[in-house]
Amino acid sequence: MQKQNGFTLIELMVVISIIGILAAIAIPQFSAYRDRAYRAEGHSLGGALREEISVYYDTIGMLPENNKQLALPAPETIRGKYVSAISIEKGDVAIRFSDTINSAVGGKVLRLKVAINPDNPTGPLLWEWINPNDKP
């Protein structure tokens, strides 16, 4: 009897099928993880402007119309790795994602929408995140 070295065809097919199943599970999860990372940068950069807008509203009594009223630089200069511009639009913060990212958020706008509580107009401002994939 001669001793054989190596794997049988069945063993190789089992290993390849296991790798295929793991890849089928991992790839969608990675895509969702990547989209969350893109949005996290937008939340971080845009969320910092909430305090600026709140102070402006408390001081002036109205919401800023644009970046210039808030003494911010041009929207294209406020950017990050995935964010191409951040602008103030009638008190709302519009975060534009870069067109170069291949993702569900690439080229879209994440909004931080401001609202004034009608029951307490001198109270704190209310904020809501509007994701770029949400239906209007």
Quick check on my filter: what residues within the range 90-107 are among the charged types (D, E, K, R) and buried (at least 16 other Cβ atoms within 10 Å of the Cβ)? 92, 96
Return the only residue of 33, 56, 82 being touching a Leu at 6+ places or on another chain (Cβ under 7 Å) and among the aromatic types (Phe, Trp, Tyr). 56
Has the range 62-75 got at least one residue that is basic (Lys, Arg), at pLDDT 90 or above and surrounded by 16 or more Cβ atoms within 10 Å (Cβ to Cβ)? no
Among the candidates 92, 119, 134, single out the residue that is at pLDDT 90 or above and either at positive phi or among the charged types (D, E, K, R) (or both). 92
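The values are calculated or read from the model by the stated rules, or taken from the named source; none is laboratory data. The shown structure was predicted, so the numbers you read here are calculated from the model rather than taken from an experiment. All Cβ positions, even for glycine, are placed from backbone atoms using ideal geometry, and neighbour counts span all protein chains on display.
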